[in-house]
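The values are calculated or read from the model by the stated rules, or taken from the named source; none is laboratory data. Given the structure is predicted, the values throughout are model-derived calculations rather than measurements. So basically every Cβ, Gly included, is an ideal-geometry build from the backbone, and we count neighbours across all protein chains shown. For accessibility, only protein heavy atoms count, side chains too; no ligands or nucleic acids. Shrake-Rupley method; radii C 1.70, N 1.55, O 1.52, S 1.80 Å.
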Amino acid sequence: FGRPPNKMSKTLVLALLLVATATAWSPPTLGNFRPAQCNQATCGPRAQLASPQIAKPKVEVGNPMKQPSTAPGAPKTSTPKPKLAKKTQDDEAPMYKVILLGDPEYEQSHVVTQITKVIPSVKKEEATRCYVEAQMMGTSVIITVTEEHAEHYVQQLKRQQIYAKMEKESRGGGGSD
């Protein structure tokens, strides 16, 4: 004990202290934590925030909904309600014709293929008829749709170098011709 400590003995003492400290102290676990014992004086505000209280539901959970009661033994029939005609977007929205413009530089196969790709509801035979009519008459109505669809179809056809325009349909009649 009279000698000054060397590096090896300092390291050994330090290691023993760490081991002793580590075994004596263990961090608290959730299993040991009891929120009921925790209050402002013992735990402080941080510990109280760690376990919030669950609020009661505003709706009763687990209770079945009450069904309308009928007399026992009475047949379960309901009076039919009159069906009201529902208005759809097509009933109120103005319709627009997508019109193919004829051009002598068009190739029939390109025009027919692109029309059927851009407007899926138009079949190959209808696209061919529109192409021939547009070349002979100058224009041909491809389809009549809502304004948004018509704008989209015209833009997509123009991207493929196929010229088309849209025109508001008169309310006198309709169709896809």
Note on the stretch 120-142: residues over 13 Å from L157 (Cα atoms), outside any helix (DSSP H, G or I), open to solvent by less than 20 Å² (accessible area, probe 1.4 Å) and not polar (S, T, N, Q) are V122
All conditions in (1) open to solvent by 80 Å² or more (accessible area, probe 1.4 Å); (2) under 29 Å from the mean Cα position of the chain (by Cα); (3) within 19 Å of E167 (Cβ to Cβ) are true of K117 except (3)
Filtering the stretch 123-153 down to residues that are farther than 15 Å from Y163 by Cα and either of a type in the set (D, E, K, R) or in contact with a Cys (Cβ under 8 Å, 6 or more places away or on another chain) (or both) yields K123, K124, E125, E126, R129, E147, E148
### Task
Report yes if some residue within the stretch 150-162 is closer than 30 Å to E92 by Cβ and not in a helix (DSSP H, G or I); otherwise report no.
no
